[in-house]
Amino acid sequence: MELPGGVAPPFDVFLNGVPQQAGTDYRIEGGTLLFTRSLAREGKLGTWRWLSLFLGIAGTYRQNDTVDVVYERGGRRLVASGLSITRE
């Protein structure tokens, strides 16, 4: 996933709210974060899925990862939240 413009190390990375460690959980190549595990974002729900949720027949149990980066710019701590997940 691409880092937002102006984000440079050091920064903190969180996956689903859990702190991640550089070199163990992810690595940085250029301006991209590459995770060691597969990440996914739940796509749009189709008509049948919405209907089954509405009727209480099924829940939504799909993988829905979120990645946040906390960084400093100009002495202020900023958060880039819900970064787009892309596949290699």
Are any residues in the range 2-17 in a strand (DSSP E or B) and farther than 14 Å from TYR71 by Cα, and if so, which ones?
-> GLU2, LEU15
State the number of residues belonging to the range 18-31 that are free of Cβ contacts under 8 Å to residues at least 12 places away in the same chain and part of a loop (DSSP other than H, G, I, E, B).
-> 3
Of everything in the range 27-76 that's exposed (fewer than 10 other Cβ atoms within 10 Å of the Cβ), charged (D, E, K, R) and under 19 Å from the mean Cα position of the chain (by Cα), which residue is modelled with the lowest pLDDT?
-> LYS44
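The values are calculated or read from the model by the stated rules, or taken from the named source; none is laboratory data. In this text the structure is predicted, and so the values were computed from the model without any measurement. Glycine gets a Cβ as well: all are built from the backbone with ideal geometry, and neighbour counts include every protein chain shown.
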